[in-house]
Amino acid sequence: MMEVIYILPLLFLVACALTAVLMKDLLGATIILGAYSLIMAVVWTMLNAVDVAFTEASVGAGITTVLMVAALSRTVRGEYEPAHEARGWKRKRFSITKVSGFFVVVLTAAAMIYGTMDMPDFGDPNAPANLHVARRYIEESRHETGVPNFVTAVLASYRGYDTLGETTVIFTAGMSVILLLRRIRRE
Amino acid sequence: MKEHIVIRTVSRLLIPFIQLFALYVIAHGDISPGGGFQGGVIIGASVILYVISFGMEDGRRRVSESISDFMNSAGVFLFAGIGVLCILAGGAYLEYTAFAGKAAHGEHAEHALHLASHLGIYGIEIGVGITVAAVMMTIFFETARHEDD
Amino acid sequence: MISAENLPILVIIIPLISAIITPLVGRIHRSIGWLVALLATSLSFAYSLALIRSVMENGPISYWLGGWEPPWGIEYVVTPFNGFVLCVVSFITIVITLYARKSIEQDVSESKIPFFYSLYLLFFTGLMGIVITGDIFNLYVFIEISALSGYALVAMGRERDALIASYNYLILGTIGASFIVLGIGYLYMVTGTLNMADLSARLPELYDSTTVRSAFAFFMVGLSLKLALFPFHIWLPNVYTHSPSTVSALMAATSTKVSAYVLLRLMFTVYRPEFVLTVVPVTKILLILAALAIIIGSVIALAQTNIKRMLAYSSVGQIGYIILGASIANQTSMTGSLMHIFNHALMKGSLFMVVGAMVYRTGIVNIEDMRGMGKKMPFAMAAFTIGALSMIGFPFTVGFVSKWYLAVGALKADMWYFIPIILLSSLLTAVYFWRIVEAIYFREKSEKLAGLPSEPAEAPFGMTATTLFLSLLCIVFGIAAFIPTKVAAAAAKLLLGG
Amino acid sequence: MEIIHSARPLYAMAVSAVAVVLIGFSYERPNLREFWTILAAVVKFAIVMSMVPAVLDGKTIEYSLVTILPGLEIGFKVDPMGILFAATASFLWILTSFYSIGYMRTLKEHAQTRYFMCFAATMTATIGAAFAANMFTLFLFYEAITLCTFPLVGHKETPEARAGARKYIVYLLGTSLAFQLFAIFLTYNAAGTLEFSSQGILAGTASKTMLTVIFVLFIAGIAKAGIMPFHNWLPAAMVAPTPVSALLHAVAVVKTGVFSILRVLFFVFGTDLLVDLDIGTAAAYFVSFTIIMASFVALTKDNLKARLAYSTVSQLSYIVLGALLLTPSSAVGGIVHIANHAFSKITLFFCAGHIYAAAHKTNISQLGGIARRMPWTMAAFFIASLSMIGVPPVAGFVSKWYLAVGSVEALNYPVLVVLLASTMLNAAYFLPITYKAFFEREKEDEYHHGEEVREIPIMAIPLVLTAVGSVIIGLYPDYFIALAREVIR
Amino acid sequence: MIELIIGKYNYWIYIALMMIGFYAMIAKENLIKKIIGMNIFQTAVILFYISMSKVRGGTAPIEWEHAVRYENPLPHVLMLTAIVVSVSTTAVALALVIRIYKAFGSIEEDKILEMKGDRTGKPPESVL
């Protein structure tokens, strides 16, 4: 029963993703993307990934949506209908992109399904992923770092360097946006 | 949007609490969900909320370009700097326990190590928070800017 | 204090911290950003050299970040293999930094120059981080650092097409990176570890797992996208064509090389040679792709009218060489492949720098307009000629050295049929470079050039001198090839598990 | 065999390399610039000659410059064959230098500095090729010659010159990259070394088929030797100024080609292996075809330089033929022909250039009665053409004699017939020129400007000297024959 | 077969999401749509990691005296980084789109490609 409740938001996710991609109104699609992120955060909370869910809720549903709306306000709101404008070979090229895109996607999906065959079952406590490094984090981190939140212990201590990298990524994004958008100072 | 008195009032009331919450999130990252990144995002979001309700110019008056630019760098610098301090204290990069120094082998070794570790973790969480908050503001300021301002 | 044992992290952290402070100190004076960049890359190179020396003498170095023993923490590993790449990348970056100073003033407005150098250093940091790390997720983080900064750097190009190039690069780069992170997830799922050495120890018994195999496929696709291996090269020509000259030179000389490094690292040290050679013979597919890249890259280059685009397609072909040598997978060909990482960085770097100098002074990018350029910019064109000869694979230049190793390696593996391919591409290269050399020296000035003042006018000293320096190195290391070869051979041995 | 380690071969090379720099820096002072050229030429010849006695004593001089990679070494070795070639080339460079100065100044050519720089650079590479101790070094200088001569061929920068130069580079660079390099890879893979050895290095290292493939690739890859079908670059290169055609396309470049073939045949394969492989005869017929065909084509050419070019194609194949017959006498004939042909052909080209510079004539049909105005030139021309035909006592006779003897020794009578037929053809395309020049009347309207046509001393003297030289070697061939015998010993 | 489907249903969902995003990234002409696709694509990868970290009967990875088992904390940590990367990429991509719109007046890829190489447009820097 629990699983059914759990599956529902997953299906909802798929629906949101499809709508966001297919919707012509970009603002609407953006809002739906926000909803998608929020549901995703809910799913992760259900999976007990509280830190990640927290982040997704603030970043994915919050900041990303705001940024996209801001960007939309500076560009255009609607996706145009190629059918009205493109005729002849242009129209054809358009559909070639879609068809080939579809094939690439199917191919990738096949590879993924193939790869999933030998994966440990969902939630298996004896999956290798939970045994090797992770077990040590759970068993020793309190003693070694004095931090009760394992995620923080790993994030800030065992893999603190990754976090430095992560902060650098954010910093890089900031610099990139400045370089791309900041108005030139007139001297 | 500048005309909406309700929004302005509500934001004015909410923003200090949002920011307080953000500080809580940063400070309690070690015992509860959250940490520097989430806290930073919330601070950034609070500024964005301010800008949305009071307008870009007002926002820039509160957080000027040079301040946010400074914060961008300052946060990562704090983070990376703590790593370098660890090296200077005789450990590896980001080996916080190096701060414990001689105490690491003394009577209260574990306590000292935990203290050093906490010190480092707080340091970097604050660093992350500063940078994330500043970058979020920066990105928003740059993205949402309009031709006329 | 800062002792020798901390060298591995210093190589990364010095440019990183410099990148962080550049936007602040760069405001004081406009050349400070550049100075910081120069200082950081120089230090990084000096430390890389110290590292490679130590590695060649005392064996691999492992550095535990945060003091956590791997696999619990993140590990930096320096072997002859990545020490070599570290030196190559940092060295080329110094030269390009020297070159960048004047060049970039034309492309980026003055108030943004500190930010440019910040991203420039971040790009460099990312590449170095990719190379030195021994942790597979850390690898991904640094891939993203270099990729994100790369997107913005490319978008700084003078024409608006640079924005489109950058955008497409971003989309494909993100797809590539996502595939890589997916592959990492698959591997973590079945092994429970992220440390490359640990993975390598745990993987052999899992070679039959579909998860491990499809992880490998994702790595291949993701890295081929980053590497611009045929047929995943579509983003590369636009990026190289429209980026600022400095960025084209930097990317052509370093970033694809680093991606090639990652590919080799994954193929041969995370997965073992027996996996790629026998269990799932991907090398066979790669051989075909490499051969196609070599031929098609050269043929398309032949048809270009824009010099930067021509060089870009030529890069597509040259990447094929690197992959070819690695896929033949014997000691000789692998050495050739690694040598080509270095050699191609020298040649392509210098060629793009020549083009940058030309654009700086005359604004010419069309091959047609280059007629008579030899009289206008004699030094730059001399460098171009040397670079062209090197690309052709003329003896006494670095291009010959790598071709020699690749060909002999192919023969040793009884794959003689790759030699006609190598030689055919040399011929095609000769054709598309020689027609330019001829136009430069033996034709009357083009209309565009005739419109400019007739006396010789080189680009500023810093640009011309570094360009010439790099192209002279093509000759120096074509003669003194035994110096880098020693390291490359040691690295090849390591990769092949010897 | 005694080995002397000495850097002298390097010095011989470096002299002209230094001259390149000096010439480049004195571009504003033509006299100084020409002084450097001549000084370098004389010094180079002196250094080369200083090595001759040791070589005649049966010693070899070796010098290893740098090892690029294990197995890839830049090394020099002075042996009889090398010194023969080097001595010929460096001696003729002295004469050509004077001649060039006269030619360039009379015609007031542009870009003279570039011209002299490239000339000196080519000589550096030629000497390098002559003294190369291994296949890699030889290949290196072989390619370097192509590059250095490219600007000389395209010197005029006209569309024809560019087309000619393009053909030149396409043929030479193309074949060497596609075939010769391939052959070198295969050789290295089979033998594990590229070092020249008088026994050959390939014997017993690979299957017969593989060795045959290598052989064919080498022959096809050395297009400088002008063997058909890779000969087309040579007539195309005639767009170059005449001194270039003279020294480079009669001596340095093409001789490097045949020299490389001889090196490959004797020092990479080795005579014994070639006998084993039994491909000498087939190849000899193939080469014979070139001899005859090129002569026929020469007959049809009215342009003097074109006729000389095809004659060169034909004569080069004599040398290769001599080597391929695999008998001592024929080999001596082939090797000696390197020098003999050099002296005679350079004379002919000098004459052609002189006629062009003094009278602005390029076609044979315009030459009626010109001997009256340029007697020395046409006399030299006559002597040199006798050498080409193989009339005693001029140099060409010596080599042809040895070749003929060789073909008899090899019991290869068809080749003998080829030699005789080509002699007839040589006579048929050279003698009419002399006849025309001496006995026909000049047409009045040929000299439209009415200007006085006189011989130019600085150009006339070198060509007379080379003509005399070819008579001298014809009369006293022992010196060269001794060297040639050292080679095949 | 049933076990295969039931036992891994989270993975099937992530594949579906990922493919939706992937398709939008490569086949959509609208540049903003591509970014939306990119977001879905990256979130799908994150979902995969988080699904992997789930342990039956586990609790959130924060020390708790009643806990029997904890979820695997490592994928959570990794995915925090991935989220950051995702938002950073989105920000840069949006900045690029704004610039492209200013330079070309459109955010439709095929329209822009028609204009590409047409140098009459204003250089991108000048419109800022």
Exercise. Rounded to the nearest whole Å², what accessible area per residue is found for the protein assembly as shown with the 1.4 Å probe?
Worked result: 32
Problem set entry | ³J(HN,Hα), Karplus 6.51/-1.76/1.60, whole Hz, each residue of region D:61-69, x for Gly, Pro | 9, 10, 8, 9, 7, 7, 9, 5, 9
Exercise. Once amide H atoms are built 1.01 Å from N in the peptide plane, which residues 5 or more positions from D:F76, or in another chain, come under 5 Å H to H?
Worked result: D:Y63, D:S64, D:L65, D:A133
For this session: Would you mind getting me the FRET efficiency between C:L424 and D:V18? Use the beta-carbon distance for r and R0 = 41 Å, nearest 0.05.
Result: 0.60
Problem set entry | Cβ-based net charge around E:V85, under 10 Å, with every Lys or Arg adding one and every Asp or Glu removing one | -2
Seminar exercise, completed: What one gets for region E:2-127 as the Kirkwood radius, inverse of mean 1/r over different Cα pairs in Å, is 17.5
For this session: Taking amide H positions as placed in the peptide plane 1.01 Å from N, state which residues far from E:Y70 in sequence (5 or more) or on other chains have amide H under 5 Å from it.
Result: E:T59
Exercise. Using 7 Å Cα-to-Cβ label points, what is the A:E140/A:T97 separation (nm, one decimal)?
Worked result: 5.2
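Within region D:47-138, what whole-number % of the accessible surface is contributed by carbon and sulfur, with the 1.4 Å probe and all protein chains included in the calculation?
64
Looking only at other chains, what is the average number of their beta-carbon atoms within 10 angstrom of each beta-carbon in D:165-175? Kindly include the intermediate steps, with their values, before the conclusion.
Values: counts 2, 5, 0, 0, 5, 4, 0, 0, 7, 5, 1.
Taking all residues of D:165-175 together, the mean is 3.
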For this session: Note the buried accessible area between D and C here, summed over both chains, with a 1.4 Å probe, in Å² to the nearest 100.
Result: 3000
For this session: Could you tell me the total accessible area buried at the A-E interface, probe 1.4 Å, in square angstrom to the nearest hundred?
Result: 8100
Seminar exercise, completed: Amide H neighbours of E:N30 at under 5 Å, excluding residues fewer than 5 places away on the same chain, with H built from the backbone geometry, are E:E109
Problem set entry | Three semi-axes of the equivalent ellipsoid, region B:5-144, Cα gyration tensor, whole Å, largest first | 36, 17, 8
For this session: Based on alpha-carbon positions alone, could you give the equivalent ellipsoid semi-axes of region D:204-340 from the gyration tensor, as √(5λ), descending, whole Å?
Result: 28, 14, 14
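Could you compute the net charge surrounding C:C87? Neighbours are other residues with a C-beta less than 14 Å from the C-beta of C:C87; K and R count +1, D and E count -1. All intermediate terms of the calculation are to be shown ahead of the outcome.
Details: positive: C:R53, C:K257, C:K486; negative: none.
Neighbour charge sum, excluding C:C87 itself: +3.
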Exercise. Taking Cα pairs under 8 Å and at least six residues apart, what relative contact order does chain B come out at, in percent?
Worked result: 29
For this session: Could you quote the convex hull projected area for region C:291-377, Cα atoms only and averaged over all directions, in nm²?
Result: 5.9
Problem set entry | HN-Hα J in Hz across region A:109-116 - Karplus 6.51, -1.76, 1.60, θ = phi - 60°, x for Gly and Pro | 4, 4, 4, 5, 5, 4, x, 6
For this session: Report the net charge of residues surrounding D:A163, where surrounding means a beta-carbon distance below 13 angstrom and charges are Lys +1, Arg +1, Asp -1, Glu -1.
Result: +3
For this session: Report the normalised scattering of region C:172-237 as log10 I(q)/I(0) at q = 0.27 Å⁻¹, calculated by the Debye formula with identical scatterers on the alpha carbons.
Result: -1.06
Seminar exercise, completed: Longest principal axis of chain D (C-alpha) makes with the long axis of helix D:457-475 (C-alpha) an angle, in degrees to the nearest 10, of 50
For this session: Give the Kirkwood hydrodynamic radius (Å, one decimal) of region C:234-273, defined as one over the mean of 1/r across all pairs of different Cα atoms.
Result: 11.3
Problem set entry | Ranked by how many other beta carbons lie within 10 Å on average, peptides C:119-127, D:432-440 from highest | C:119-127, D:432-440
For this session: Order these peptides, C:475-488, C:72-85, E:93-106, D:191-204, by their mean beta-carbon neighbour count within 10 angstrom, highest first.
Result: C:72-85, E:93-106, C:475-488, D:191-204
Problem set entry | Hull shadow area, averaged, region D:279-489 [alpha-carbon convex hull, nm²] | 11.1
Exercise. Counting only other chains, what is the mean number of Cβ atoms within 10 angstrom of the Cβ of each residue in peptide B:101-112?
Worked result: 0
For this session: Enter the angle in degrees (range 0 to 90, nearest 10) between the Cα long axis of helix C:80-107 and the first principal axis of the Cα atoms of chain C, meaning the one along which they spread out most.
Result: 30
Seminar exercise, completed: So the carbon and sulfur contribution to the accessible area of region D:279-489, 1.4 Å probe, in percent, is 68
Exercise. Tell me, what is the percent relative contact order of region C:303-498, built from C-alpha pairs under 8 Å that lie six or more residues apart?
Worked result: 34
Problem set entry | Highest average packing first - D:326-338, C:408-420, Cβ atoms within 10 Å | D:326-338, C:408-420
Exercise. So what are the radius of gyration and Dmax for the Cα set of chain C, in Å?
Worked result: 21.5, 70
Seminar exercise, completed: Averaged over residues of B:68-80, the number of beta carbons from other chains lying within 10 Å of each residue's Cβ is 6
For this session: Starting from 0 in steps of 20 Å, tell me what percent of the Cα-Cα pairs of chain D lands in each bin.
Result: 26, 60, 14, 0
Problem set entry | Histogram of C-alpha separations across chain A, 10 Å bin width, % | 7, 18, 29, 27, 13, 4, 1, 0
Seminar exercise, completed: Once phi for every residue in region D:197-203 is put through the Karplus expression 6.51 cos²θ - 1.76 cosθ + 1.60 (θ = phi - 60°), the whole-Hz ³J(HN,Hα) values, with Gly and Pro written as x, are 9, 5, 8, x, 10, 9, 4
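From the alpha carbon gyration tensor of region C:217-363, can you work out the equivalent ellipsoid semi-axes (sqrt of 5 times each eigenvalue) and give them in Å, largest to smallest?
Values for region C:217-363, descending: 29, 14, 13 Å.
The values are calculated or read from the model by the stated rules, or taken from the named source; none is laboratory data. Not measured: the values here are computed from a predicted model. Every residue, glycine among them, receives a Cβ derived from its backbone with ideal geometry; neighbour counts consider all protein chains shown. When the accessible area is computed, the model is the full protein with side chains, heavy atoms only, and any ligands, DNA or RNA have been set aside. Shrake-Rupley method; radii C 1.70, N 1.55, O 1.52, S 1.80 Å.
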